[in-house]
Amino acid sequence: MILASNFIEFIEKMNFYGRNGIKFLFIVDFEMKFPLIMELADAEKHNIKYFMDGAGNFNGYDDNMPDKNELKIQKNPIKFEVYRKAFNNIVKHEKAGNSYLVNLTFKNPVKINLALQEIFYKSRSKYKLYFKNSFQEFVLFSPETFINISGGKIFTYPIKGTIDAGIPNAKEILANDGKEKAEHLTVVDLLRNDLNIVCKDVKVNRFCFMETVKTNFGELLQMTSEIEGKIKPELSSRFGDILCAMLPAGSICGAPKRKTLEIIKETELEERGYYTGVFGIYDGETFKSSVMIRFIEKTGGECFYRSGGGITVYSDVKKEYNEMVEKIYVPIY
C-alpha cells in the first residue's frame, strides 16, 4: 500500500497501474492530503474491505447473511443554532454572488449497537467500504457513483434532491420542487464542465430520474442524472490524470467549484477527511468509483455520522437541517 507523500505521487502511480493493466484500489480524501493506492489483491491485508457494484472481497462472508441483531441507532445531531450559523454564512456568500450552490456538512454524534465492520457486512448498498488502521476506522455505504470508465467512455451519475418516500405524492413533490430541481441542474452543469476537461462529445443521457434507497427506517427517493463523455485519446488509461481533473466531486462541493471550496473551508467546523472523498477499483477492464457519502467514523471510542446537503439562496434552514438528520441512516433491512 502507498500512502502517497503527495497527490502528484498518487496520480503518477495510478497512471502507471492503468498503463500496465494492473488491478488496483484507491481511496482519496476530500482535501486530497492522504490518498491511498494499492494493488487490488492487497486490500484485505490492509484491513480494507470493499464492495463495488457487485464486486468485493469478503473472504467467505455472505453479504446477505441474516441479521442476528436488530439495528439500533440513536441520532444526536448538532444543535440547530450551530447549523443555522453556518447556513447563514453560506447564504451571505451566495447573496454576494460568490457561489450559487454550497454543500454544507456536519459531523453528528450517533450511538449504534453494531460494530462498524458488522455494519459493512450487513448493510446493502451499491458501494461499500470498510477501513481501519492505527489512526482511524470508518465504514460507508454510498448510493452515489462518481465516474465509471469503460470502452473509452466515462459515465457519471450525480445525485441531488432527496425526499422521504413515505410522504404522500413524494415523487411528484420532489420532481416539482423548484429549489431541488435548480440545485440538481447546477450539479449536472458542473459535472458536464468537469467531463469536458477530459472528454469530448459530452452529453446528458438521462436527466432527473428517480431512484429509491432503502434504509433502516423506510425508503428515500433521490434525483439522479446520467452524463456520458468520450475520453480524449491522449488520456486513454491515464486514470490518475482523469481523476485529478475532476476532484473533488462536484455533487458534494458546489459551484463555482474553486470559490465554493473556499466557503466550505471557512464555514464547516473541521476538515472532512475521507468523508465526501472518492474510492474505487480498476479490475483490469473497468474503472469504477463512488463518492464517499453515508459515512460513519469511529474516533476516541465514539461514533460520528457525517451528513449534509446543498444550500442555495432559496433554501429553508429548518428543511435543510431536517434533511441532514434524515440522511443519518444505515441500509440494514
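Read-outs throughout are calculated quantities, based only on the coordinates presented, and are distinct from any laboratory measurement. Keep in mind the model is a prediction, meaning the values are calculated, not measured. Glycine gets a Cβ as well: all are built from the backbone with ideal geometry, and neighbour counts include every protein chain shown.
A few points about this structure:
- Kirkwood Rh, Cα atoms: Rg over Rh of segment 96-243: 1.01
- Rounded to the nearest 20, the size of the Cβ-charge dipole of segment 207-261 about its Cα centre is 320 debye, with Lys and Arg at +1 and Asp and Glu at -1.
- Pairs beyond 30 Å (Cα-Cα), from 230/259; 13/85; 45/327: 13/85; 45/327
- Relative contact order (%) - criterion: Cα under 8 Å, at least six apart; region: segment 250-331: 19 percent
- Taken along the Cα-to-beta-carbon direction at a fixed 7 Å, the label points for residue 314 and residue 206 span 2.5 nm.
- Computed over neighbours whose Cβ is under 10 Å from that of residue 312, the net charge equals -3, Lys and Arg +1, Asp and Glu -1.
- Within the shell defined by Cβ-Cβ distances under 11 Å, the residues around residue 88 carry a net charge of +2, with Lys and Arg each +1 and Asp and Glu each -1.
- Centroid-to-centroid, using Cα positions, segment 108-183 and segment 74-104 are 21 Å apart.
- Sequence-distant contacts, meaning Cα pairs under 8 Å at least 6 residues apart, place the relative contact order of the chain at 28 percent.
- Rounded to the nearest 500, the helix-only mean residue ellipticity at 222 nm of the chain stands at -8500 deg cm²/dmol, with each DSSP H run of n ≥ 4 adding -39,500 (n - 2.57).
- Segment 195-333 - Debye-derived log10 I(q)/I(0), Cα point model, q = 0.11, 0.18 Å⁻¹: -0.54, -1.39
- Computed over the alpha-carbon pairs of the chain, the distance histogram in 20 Å steps reads 32, 61, 7 percent, short to long.
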